[in-house]
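Data first, discussion second: the structure below is written as structure tokens.
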Amino acid sequence: MLHTRTRSHITFLTAPVLEAIPGVVHAFSTRRPDPDDGFAAVAGMDGWPAVRLRQIHSDRVHWVAGGRLPDAPLEGDAAGTALPGVALGVRTADCVPVLIADRAGTVVAAAHAGWRGTAAGVVRRTVDRMASEWGVAAADLAAAVGPHIGVCCMEVGEDVVDRFDQPEVFVRRSEWPRPHLDLAAANRAQLVAAGVPADRVEVSTLCTRCRPDLFHSYRRDGKGAGRMLSLIGRAP
Ligand SMILES: [Zn+2]
């Protein structure tokens, strides 16, 4: 369960499992009529340079090391860094934002996982890269799965089922004409399979489509839907 907080009239969510890590700053935004609303400041990252992603529903993971930060958005769906004072962000409207840090607070990562990214295993790959690039054991990681479209609303076709190697994450009910995909269960299972302890994975139970008061939703609002922003970084 994530916590809902309000600061300077801006409502956002945080995960206790990440809040418990010294030096790690993070927040999941709710719906934002104005992208310049000061969310980064209330999240504790006022003025931090940000790594931007051009999200393409892939499993591509970027690592941002020393030197200049990239000027242009990086094409891919996850980013990680050990640099302090750098904000990593992903934008979502129904897709799953996943924020990850190690228990010492030395490495952080953010991932965007819609159904395509989830099928491609973007979260699993992010954990693997944290191990290979930074030598961080998955057993030392904690992760938060932010607000996303719930299994209640995530109806999919059989073509989507065929793209997954996780048949157990599809739910079929007599009142539903088609299967529904449990994106949270799929990403949680990938994190645990990659070695993240199950009790250090926290999952938002709020459905973006069911909660127009709190969230943007692509399925509900269509092409013009706004995006929520999820941020994580290391304090400088
Ligand atoms: Zn729903």
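What follows draws every value from the coordinates through simple rules; no lab data is involved. Keep in mind the model is a prediction, meaning the values are calculated, not measured. Positions of Cβ are generated from backbone atoms using ideal geometry, with glycine treated the same way; all protein chains shown enter the neighbour counts.
Before moving on, here are some points about what is shown:
- Exposure proxy ranking, count of Cβ atoms within 10 Å, fewest first, for Trp176, Trp115, Trp134: Trp176, Trp134, Trp115
- Region 179-234: relative contact order in percent, alpha carbon pairs under 8 Å with at least 6 residues between: 17
- In the chain, the longest principal axis of the Cα atoms and the axis of helix 122-134 are about 20 degrees apart.
- Exposure proxy ranking, count of Cβ atoms within 10 Å, fewest first, for His9, His57: His9, His57
- As a length-normalised measure over Cα pairs under 8 Å and 6 or more apart, the relative contact order of region 138-236 settles at 35 percent.
- Region 39-95 and region 109-133: distance between their alpha carbon centers, rounded to Å: 14
- Computed over region 3-234, the range of Cα coordinates on each principal axis works out to 53, 39, 33 Å, biggest value leading.
- Interchain or long-range residues, amide H under 5 Å from Trp63's placed H: Gly80
- The relative contact order of the chain comes to 26 percent, based on Cα pairs under 8 Å that sit 6 or more residues apart.
- For the chain, adding -39500 (n - 2.57) for each run of n ≥ 4 DSSP H residues and dividing by the number of residues yields -5000 deg cm²/dmol at 222 nm.
- Distances between placed amide hydrogens fall under 5 Å for Leu74 paired with Arg52, Leu53, Arg54, all partners being 5 or more residues away or on another chain.
- In this simple spin-label approximation, Glu158 and Glu133 carry label points 7 Å from Cα along the Cα→Cβ vector, and these lie 4.0 nm apart.
- Label-point separation in nm, Ala193 to Val171, each point 7 Å along Cα→Cβ: 2.0
- Rounded tilt (10° steps) of 183-193 against the dominant C-alpha axis of the chain: 60
- Approximate spin-label separation Ala41-Glu75, in nm, with each point projected 7 Å along Cα-to-Cβ: 3.6
- Hz values of 3J(HN,Hα) by residue in region 78-86 - Karplus curve (6.51, -1.76, 1.60), Gly and Pro given as x: 7, 9, x, 7, 10, 6, x, x, 10
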